[in-house]
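Since the structure comes first, as structure tokens, the remarks are kept for the end.
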Amino acid sequence: MIKLVNVSKSYLKNFKILSGINLYIEAGEFVSLVGQSGSGKTSLVKLLIGEEKVDDGRVIIGDWDITKISRREIPYLRRQIGVIFQDFKLLPQKTLWENVAFALEVCGQPQSKIDKVVLSVMRLVGLEDKKNRYPHEVSGGEQQRAAIARALVHQPKILLADEPTGNLDSINANEIIDLLLRINNFGTTVILVTHNREIVNQLKRRVIAIEKGCVVSDKEKGKYLL
Amino acid sequence: MRIIKFSLQDISRNIWLTIATITILVLALLSVNTLLTVEVLSRHAIDAVKEKIDISLYLKVDASEEQITSLKTQISQMSKVKQVLYTSKADALRYFREKNKDNPEVLTALRELGRNPLSPSLVIAPNNVEEAPQLINEIKQIDSNIIESRDFADNTVILEKINDITKKISEVGLFIIMIFVFTSMLVAYNSIKVAIYTHRREIEIMRLVGASNSFIYLPFVLSAIIYALVSVVIIVIIFYPFLGILQPYLEVFFMDYNINIINYFLDNFWIIFGLQFLSVSIISVLSSWLAIRRYAKV
């Protein structure tokens, strides 16, 4: 469950990037967060992963109020929220397997667990055969799948996908959306941040629209109407 | 283990920067050790001069052994006196001959004289060099008819000069060390800053996937400690041969005084180089910590 109560955030005086946001997202939901560039979508993502703090209001994830989360607690929050981005954020000098394993290595997991978990997520995203390839040796869609695999290694309750199809052609984009839906079917809450009208309209899931930092529409089985 | 692995990766990926950092640290340590050598040598020089500070009383040629022994006892009982050495006429002649064995003209003149012209003497060593002037005053007040002359050659002036020179060397040395410490801090800070820049993408991903703050910081801190360790090892490797070259010259310069600078550095190895390692580690870790706080915010 994700709950935002009257959340406001500004980077400049007299300019609120988010203003009075109230949201409630149930555990296991698939939600599309839509809006134009600069509408405040990415700022909302940053609040959810603890990269930014709210000026006003409260942010609650599960039974954890992260409004005033300390620096020490942030790593534990991020192990519960998987994040993927438009630019994949893979390390070019590591193979796909190593990229995924890296997320567990830096959290101090034992090698035996790393091998087991990485194998299972690589299977889930369908990259088992390409595990030893480097990012530049695979397609954009496969790179994004590797990024999703990395986001899943901690078995997060929430997966935040910030414009995951922005750099992909329509075939690869659809494959990624299918994968996100499969992950959602396992019970993971998926928040898809996008301005891809076609994808949102195909999904027929809940759509939250943000404009100028405010929620302007929130509809079950909604459409991209902005 | 993974922290060590990441740290070594950081060092090898920025090898030229690592070399530059270690070079500066080695130069800083070289200046510290050179100053330490000067300090040790000047301390030895002062001790040598201190040993030379004594007061000679020349006695009359016809003074009897009883009179001399009585005077010697009287002086020995003074609180500021360490010891009194008696040189008889015969001993004085023997030392004189020994000293002038390569000077036949002096020996011929002595032979032609046909008698021992030298006086017996008492050589008085003070307990403490600083008390020498008071002791001289006390000795001046001794009323004895067997004292022919009193030699109060004042070596304290030399001692003061040596003390003064040592103090100046220490001051200049301290200034040089301060400059090197400051430079070392800047270089270590800059190295870690560049290392963080090189690893910025990895750090960003580490943050995203929930790596603990210490896991992000520690490889850089460990790199700083490795810089310190390598620079101290290098200074040990280059400094001992340097001392080996210096030692024969010292033996000539401090003839009659047993001085061995290599042994000094060997006997105090752990104190000297352990402290240097500790200091360089603290400097490097402190600069790394500052760089991390500024450039690798989590």
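Quick note: the coordinates plus some simple rules give every number you see, no bench work behind them. Predicted, not measured: the structure shown is a model, and the values here were computed from it. Because the Cβ atoms are built from the backbone with ideal geometry, glycine has one as well, and the counts that use them run over all protein chains shown.
Please state the charge dipole magnitude for region B:54-153, taken about the Cα centre, from unit charges on C-beta atoms (+1 on K and R, -1 on D and E), reported in debye and rounded to the nearest 20.
I would put it at about 200 debye.
A:LYS204: which lysines have alpha carbons under 19 Å from its alpha carbon, excluding same-chain residues fewer than 8 sequence positions away?
By straight Cα distance, A:LYS204 reaches A:LYS219, A:LYS221, A:LYS223.
Within 10 Å of each Cβ of A:145-154, how many other protein chain Cβ atoms are there on average?
Partner Cβ neighbours, averaged per residue: 1.
I'd like the projected area of chain B, averaged over all directions, using the convex hull of its alpha carbons. Report it in nm² with one decimal.
Values: hull surface 88.7 nm².
That works out to 22.2 nm², a quarter of the Cα hull's surface.
Peptides A:166-173, B:237-244, A:204-211: what's the order by average Cβ count within 10 Å, highest mean first? Display every interim value, and only then the final one.
Numbers: A:166-173: 15.4, B:237-244: 13.6, A:204-211: 19.4.
Top to bottom by mean Cβ count within 10 Å: A:204-211, A:166-173, B:237-244.
Please give the residues of region B:258-295, grouped as numeric ranges, whose backbone N is less than 20 Å from a label point set 7 Å along the Cα-to-Cβ vector of A:TYR11.
Of the residues in region B:258-295, B:295 have backbone N under 20 Å from the label point off A:TYR11.
Set Lys and Arg Cβ to +1 and Asp and Glu Cβ to -1, take the dipole of the protein assembly as shown about its Cα centre, and tell me which of B:VAL123, A:ASN174, B:ASN268 lies farthest positive.
Checked the options; the winner is A:ASN174.
For the protein assembly as shown, what proportion of DSSP beta bridges, expressed in % and rounded to the nearest 5, is antiparallel?
Bridges in the protein assembly as shown are about 65 percent antiparallel.
State the extension gain, in nm to one decimal, for the chain segment bounded by B:ASN263 and B:ASN163, taking 0.36 nm per residue of separation less the distance between their alpha-carbons.
Details: separation 100, 0.36 × 100 = 36.00 nm, distance 2.39 nm.
Working it through step by step, the gained length comes to 33.6 nm.
Treating the beta-carbon of each Lys and Arg as +1 and of each Asp and Glu as -1, no other charges, what is the dipole magnitude of the protein assembly as shown about its Cα centre, to the nearest 20 debye?
Rounded to the nearest 20 debye, it is 2820 debye.
Where is the GNM fluctuation largest for chain A (alpha-carbon springs, 10 angstrom cutoff): A:VAL106, A:VAL117, A:VAL216?
Comparing A:VAL106, A:VAL117, A:VAL216 in a Gaussian network model of chain A, the most mobile one is A:VAL106.
Mind checking which aspartates and glutamates have their C-alpha under 18 Å from B:LYS193, skipping anything on the same chain fewer than 8 residues away?
B:ASP10, B:GLU202, B:GLU204
Tell me the mean residue ellipticity at 222 nm calculated for chain B from its helices only (DSSP H runs of n ≥ 4, each -39500 (n - 2.57), averaged over every residue, nearest 500).
Helices in chain B give a 222 nm mean residue ellipticity of -25500 deg cm²/dmol.
Report, by chain and number, residues whose modeled amide H sits under 5 Å from the one on B:SER56, excluding near sequence neighbours (fewer than 5 apart, same chain).
Excluding prolines and chain starts, which carry no amide H, the hits are B:ILE124, B:ASP151, B:ALA153.
Can you pull the mean other chain C-beta count within 10 Å for peptide A:102-114?
Across A:102-114, the average partner-chain Cβ count within 10 Å equals 4.
About the Cα centre of region A:90-155, how large is the charge dipole given +1 on each Lys and Arg Cβ and -1 on each Asp and Glu Cβ? Please answer in debye to the nearest 20. Please list the in-between numbers first.
Working: 9 positive and 7 negative charges, 22 e Å.
Here region A:90-155 has a charge dipole of around 100 debye.
For chain A, what is the calculated [θ] at 222 nm in deg cm²/dmol (nearest 500), taking -39500 (n - 2.57) for each run of four or more DSSP H residues and dividing by its residue count?
It lands at -10000 deg cm²/dmol.
Counting only other chains, and only Cβ atoms inside 10 Å, what mean value do you get across the residues of A:72-79?
Going residue by residue through A:72-79 and averaging, the value is 4.
Using the Karplus curve 6.51 cos²θ - 1.76 cosθ + 1.60 with θ = phi - 60°, what ³J(HN,Hα) values do you get for each residue of region A:191-203, in whole Hz, with x for Gly and Pro?
Result, rounded to whole Hz: 10, 9, 9, 7, 10, 8, 4, 4, 5, 4, 5, 5, 5.
Out of B:VAL49, B:VAL40, B:VAL61, any idea which swings most in a Gaussian network model of chain B, alpha carbons joined below 10 Å?
Evaluated over chain B, the most mobile residue of the options is B:VAL61.
Let me test this: with uniform point scatterers at the alpha carbons of region B:54-153, what is the Debye-based log₁₀ I(q)/I(0) at q = 0.15, 0.20, 0.21, 0.25 1/Å?
Treating every Cα as an identical point scatterer, log10 I(q)/I(0) equals -0.65, -0.98, -1.04, -1.29.
Could you give me the ³J(HN,Hα) list for region A:132-149, computed from phi with Karplus coefficients 6.51, -1.76, 1.60 and θ = phi - 60°, whole Hz, x at Gly and Pro?
The phi angles translate into 8, 7, 8, x, 6, 9, 10, 6, x, x, 5, 5, 5, 5, 5, 5, 5, 4 Hz.
Got a sec? Charge dipole of region A:90-155, +1 on Cβ for Lys and Arg, -1 for Asp and Glu; which of A:ASN99, A:MET122, A:GLY141 is way out at the positive end?
It is A:MET122, whose Cα lies furthest towards the positive end.
When the Karplus curve 6.51 cos²θ - 1.76 cosθ + 1.60 is applied with θ = phi - 60°, which whole-Hz ³J(HN,Hα) does each residue of region B:237-253 get, with x for Gly and Pro?
Calculated HN-Hα couplings, in order: 5, 8, 7, 5, x, 4, 5, x, 6, 6, 3, x, 5, 5, 4, 5, 5 Hz.
Can you pick out the pairs among B:LYS80/B:LYS140; A:LYS13/A:LYS53; A:LYS3/A:LYS53; A:LYS46/A:LYS130 whose Cα atoms lie more than 21 Å from each other? Before the final figure, lay out the partial values.
Values: B:LYS80/B:LYS140 14 Å; A:LYS13/A:LYS53 16 Å; A:LYS3/A:LYS53 15 Å; A:LYS46/A:LYS130 31 Å.
Those over the limit are A:LYS46/A:LYS130.
To two decimal places, what compactness ratio does chain A give when its Cα radius of gyration is scaled by 2.2 N^0.38 Å?
Dividing the Cα Rg of chain A by 2.2 N^0.38 Å gives 1.00.
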